[in-house]
Amino acid sequence: MRKIILAAPLLVAGCLNQGNESIDIPFAVLATDELQAPAPGTPCIWAPVTQAGGVFRSDGFVELDTAINSSPEYVLGLQVENDLDNTVIVDSNGNPVDGPQRNEFHVQNALIKYLPQQSYLSGNGMPQAATILVSGAFQPIGGAGGTQGAGVMVLNTLSGAAVQALEANLAPTSGNTQGDLVLQIQLNGVLGSGEAASSGTFFFPLHVCYDCFGIGPTAYPSQGIAACPAGTELVVEGHGACCSNQDFSAACMSCGGKGEPCCSGGPACINAAGATQTTSCLPLLTPAIGTEFCPGNAAPAEIAFSNACQ
């Protein structure tokens, strides 16, 4: 059942960088639970890519219907590489008087500019930018102790005001339920020397949509959005990185059979002989590949189906 679905073609690549190339944001990384099937008890992390052949996130999408996604957000793990000088300066006796720590990049905030690709995304109070307070430190490559200069900065790129405006602009009654938003991101802070510094600029394409897969818990016939037909159940397709509320939407899936979600509008479960088995609708303790059990999230956010026919 695991699949990553991009709802529409996007306009720019998610690895474009310009500006200060000495402190570079080359791409956004994938979380560990997106690279392999999640296992109970395994921590979810964003690990920097430090070897050739790594994969990265090129784009994404966010479901704005709160009946499907209770708290829309878009969390990115940005790879940050500090290529500033790491030379150690010594006195005549060979004692260090300065070193690479002077070029350690201490992040204080992220400036995120929202670049709508359709005019209808700009209304209803859509902010032009948001400044998010963050913290982190990135040493130069080969710095103190020979540390790797690549690290990851994790941040939620959508402000509350941006989410509210997008929900209003893409509600079914608006006539436009799909759109594209480019995130322009720059990290700002100071070096260990006290000098102000900023990273290069990173652009990330984000598809924003209301009932992304054309199905919603509520039917909107005038907008071509229908509820699930009989014999199917509304379930979540995809899952966000480390339980974040993104990169998933809802779709209609056959219900009642073994390994399928329980039917809410009729017999919960039906056996091979066609007989009703209401007692076999049990919690799905081992989620199917592509789903993730996130206890802190409100249903149905990250759980494809919490109960299945056994």
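Values as computed for the structure displayed
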| item | result |
| --- | --- |
| Residues of the stretch 199-223 with amide N under 17 Å of a point placed 7 Å along Cα→Cβ from residue 117 | 202-210, 212-213 |
| Long-range amide H partners of residue 57 with built H, under 5 Å | 28, 29, 30 |
| Of every Cα-Cα pair in the stretch 131-266, the percent that sits beyond 23 Å | 55 percent |
| Extension gain, residue 134 back to residue 92 (0.36 nm per residue minus Cα-Cα distance, nm) | 11.1 nm |
| Whole-number accessible area per residue in Å² for the stretch 176-288, which is evaluated in the context of all protein chains at 1.4 Å | 40 Å² |
| Using θ = phi - 60° and Karplus 6.51 cos²θ - 1.76 cosθ + 1.60, couplings along the stretch 131-139 (whole Hz; Gly, Pro as x) | 10, 10, 6, 9, 9, x, 9, 10, 7 |
| Extended-chain gain in nm, criterion 0.36 nm per residue less alpha-carbon gap, residue 176 and residue 227 | 16.5 nm |
| Ranking by accessible area, most exposed first, for 85, 59 with a 1.4 Å probe | 85, 59 |
| Segment residue 141-residue 109, length gained on full extension (0.36 nm per residue, minus Cα span) | 9.3 nm |
| Globularity index of the stretch 201-261, i.e. its alpha-carbon radius of gyration over 2.2 N^0.38 Å | 1.37 |
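The values are calculated or read from the model by the stated rules, or taken from the named source; none is laboratory data. None of the values given here were measured: they were computed from a predicted structure. Ideal geometry is used to build each Cβ from the backbone, glycine not excepted, and the neighbour counts take in all protein chains shown. Surface areas here come from the heavy atoms of the whole protein model, side chains and all, with no ligands, DNA or RNA. Shrake-Rupley method; radii C 1.70, N 1.55, O 1.52, S 1.80 Å.
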